[in-house]
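Working notes, structure below.
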């Protein structure tokens, strides 16, 4: 079903632009046109349908649902909701405080917040179309595991000790209440017209936000594809040398992107022979460990906790990378 | 005079919301003092989790999106 985009790229690159299929420029242009057109169409169609389905899901409902849940299942649920609930990263602080003041443990809240940037419908869509369903399933499982284990770890070291004092007080107050006093939202069924309106707004909103990332990401991917000499990556990094994984993680920190921008780069890196674990480590670090977001968390966490969360992410991405490089032959 | 607070961490949607309210209040000739509130403690006190949110005279009226013009007009004419 995706051949139409290959044909479009064939026609535009070789006929309209009159580039030779054997030239580097032709190769890069073909990659760029095929991926951008494919991703744009997929995004517009799929975001709309996914938004239709989840129109009635919001962070308030998730909070009501998670409040009072047993810890064991709480991390799994927190991470799962993080993957499917839409919310803008600029809302992470209010969400953190909203969860906290409902008495939800810090670890469960962090499972939610850590998984959220790693997994979302746009990322899954891109992974499916560019790297196939096996890779997608793996990516989702790993992303959720990082969130779940991270949350569990933070609770086991009693991370709530290092919250800012007002947040710690809110948490204590929330946990002392036997039943949350926030009125539960009435769970009404949305009529189709409202779902359609929500889905339309979401599609335009998300597309308006991510289209530039797609161009940048695919552009970088195309440049890698066309201009990095064949076999260069394979020769120097192809054996999954152990140091290449933490190096990739560190390289990803100052690079700030969302999943949309980085996935086309992943595709290109893997095609060029970079081992799958190294690629994953690089991408997760780019997406989830970004300084701007961490500085925001300073409003609710003390430096010490912030540093712990940051280190925890770096270590877990490296472990993910090593494991995948070690087992990639079985994939 | 209405005291209108736009709650949010300063992202572009919050700015849009504040501008929209100011503009409509001006057009309708309703005196209003629109301020942007970025303090997370205040948001917590209002129980707001999705921004931008709007509070008029310390009553929360909206949360989670840029309101549309009809909604804003309704708030401005009420009370």
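No lab work stands behind these numbers, since they all come straight from the coordinates. Quick caveat: nothing in here was measured; it's all calculated off a predicted structure. Don't worry about glycine lacking a Cβ; one is built from the backbone with ideal geometry, like all the others, and counts go over all protein chains shown.
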Three-way shape label, chain B, alpha-carbon gyration tensor, a/c 1.5 = prolate
If each residue's Cβ is checked for other Cβ atoms within 10 Å, how do B:26, A:70, A:225 rank with the fewest at the top?
-> A:70, B:26, A:225
Would you calculate, for chain B, the mean residue ellipticity at 222 nm contributed by helices, counting each DSSP H stretch of 4 or more residues as -39,500 (n - 2.57) and dividing by all residues, to the nearest 500?
-> -12500 deg cm²/dmol
Sorted by Cβ neighbour density within 10 Å, fewest at the top, the residues A:71, A:63, A:54 | A:71, A:54, A:63
Where a ≥ b ≥ c are root eigenvalues of the Cα gyration tensor, a/c under 1.5 meaning rounded, otherwise prolate if a/b exceeds b/c and oblate otherwise, the protein assembly as shown counts as oblate
Per-residue ellipticity at 222 nm attributable to helices in chain A (runs of n ≥ 4 DSSP H, -39500 (n - 2.57) apiece, nearest 500 deg cm²/dmol) works out to -23500 deg cm²/dmol
Is the shape of the range A:1-53 rounded, prolate or oblate, going by the alpha carbon gyration tensor and its root eigenvalues a ≥ b ≥ c, with a/c under 1.5 for rounded and a/b larger than b/c for prolate?
-> prolate
Do you know the relative contact order of the range A:67-180, to the nearest whole percent, from alpha carbon pairs under 8 angstrom that are 6+ apart?
-> 38
Sequence-separation-based contact order of chain A, relative, with Cα cut under 8 Å and 6+ spacing, percent = 20
Over chain B, what relative contact order in percent results from Cα pairs under 8 Å that are six or more residues apart?
-> 39
Write down the percent of antiparallel bridges among all DSSP beta bridges whose residues are both part of the range B:2-72, to the nearest 5.
-> 55
Fewest-first ordering of A:92, A:165 by Cβ atoms within 10 Å yields A:165, A:92
Restricted to the protein assembly as shown, the DSSP antiparallel beta bridge percent, nearest 5, is 60
Shielding of A:91-103 by other chains, given as the mean Cβ count within 10 Å, works out to 5
